[in-house]
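None of the figures in this text is laboratory data; all of them are computed from the coordinates on show. Just so it is clear, the model here is predicted, and its values are computed rather than measured. All Cβ positions, glycine included, derive from the backbone under ideal geometry; neighbour counts span all protein chains shown.
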Amino acid sequence: MASVTQAQVLVVQRQSTQEVKELLEQGRSLVETGDYGGAIAVYQQAANLEPKNASIYSGIGYLYALQGNFSAALTAYRRAVALNPNNSDYQYALGYISGNLGNNSGAKEAYRKAIQLNRGNVNAYIGLATILTRLGEYTSAQWAYEEAVKLAPKNPQVYELRGTMLKRQGKSKEAIAVFKKARDLYEQQGKFDSVTRMEATLRELGV
């Protein structure tokens, strides 16, 4: 009797896995066409079939974030983290969403966890430095910034972040030099919207 039950469970699992695979492929196709709402609905069907699959909830959270629905994104990422708390990327996403919702303490905690899980997660250092700057914790923000520079010395976001921190501290001369560095790196990478943003910031500083 037990072997029959086990066989039935295995059959259900195989069917579920195949159905989930098809749903995920359908969801990806909808994402490619820009139908995020449709993709979310499909991914939610997949989550109902595999409620312990953290990556599905992460995908749902990501799509909600793209839509600007950070509250729904937070719920999805919290579910992903609950299922897989040792995933640095999920913790980073939780920090990013929390920060966008104005929950700086929650963002700070999540970014720190992301870094503890993966010391090479440069985005987590950038996120943490951003939140610490927002909180006025400049010494800790400086540490996070320096770690980010070590990991990604050619990442313009790192220098833009540093410039923002210096600007808030009233260190305009130092901020100008760092913003120029960010602008040049953005230009080298062909990110002209960001170049325009840096030039506007430099004009504010009298350059």
Query - 0 to 90° range, to nearest 10: angle between helix 54-66 axis and the chain longest Cα axis - result: 50 degrees
Query raised in the report: Helix 138-151 versus the longest principal axis of the chain: what angle, 0 to 90°, nearest 10, using Cα atoms?
Result: 70 degrees
Query - Dipole magnitude of the chain about its Cα centre (Cβ charges: Lys, Arg +1; Asp, Glu -1), debye to nearest 20 - result: 720 debye
Report summary line: Under the 7 Å Cα-to-Cβ spin-label approximation, Trp143 and Ser71 lie apart by a distance in nanometres of 3.6 nm
Report summary line: With a Förster distance of 30 angstrom and the Cβ-Cβ distance between Ser172 and Ser105, calculated FRET efficiency to the nearest 0.05 equals 0.50
Report task. Rounding to the nearest 20 debye, state how big the charge dipole of region 155-207 is about its Cα centre with +1 on each Lys and Arg Cβ and -1 on each Asp and Glu Cβ. Result -> 220 debye
Query raised in the report: Roughly how many debye, to the nearest 20, is the charge dipole of region 90-199 about its Cα centre, given +1 on each Lys and Arg Cβ, -1 on each Asp and Glu Cβ, and no other charges?
Result: 140 debye
Query - Helix axis angle, 70-83 relative to the chain longest principal axis, alpha carbon, degrees - result: 60 degrees
Report summary line: Once Thr33 and Gln189 are pulled to full extension, the length gained, defined as 0.36 nm per residue separation minus their Cα-Cα distance, is 53.5 nm
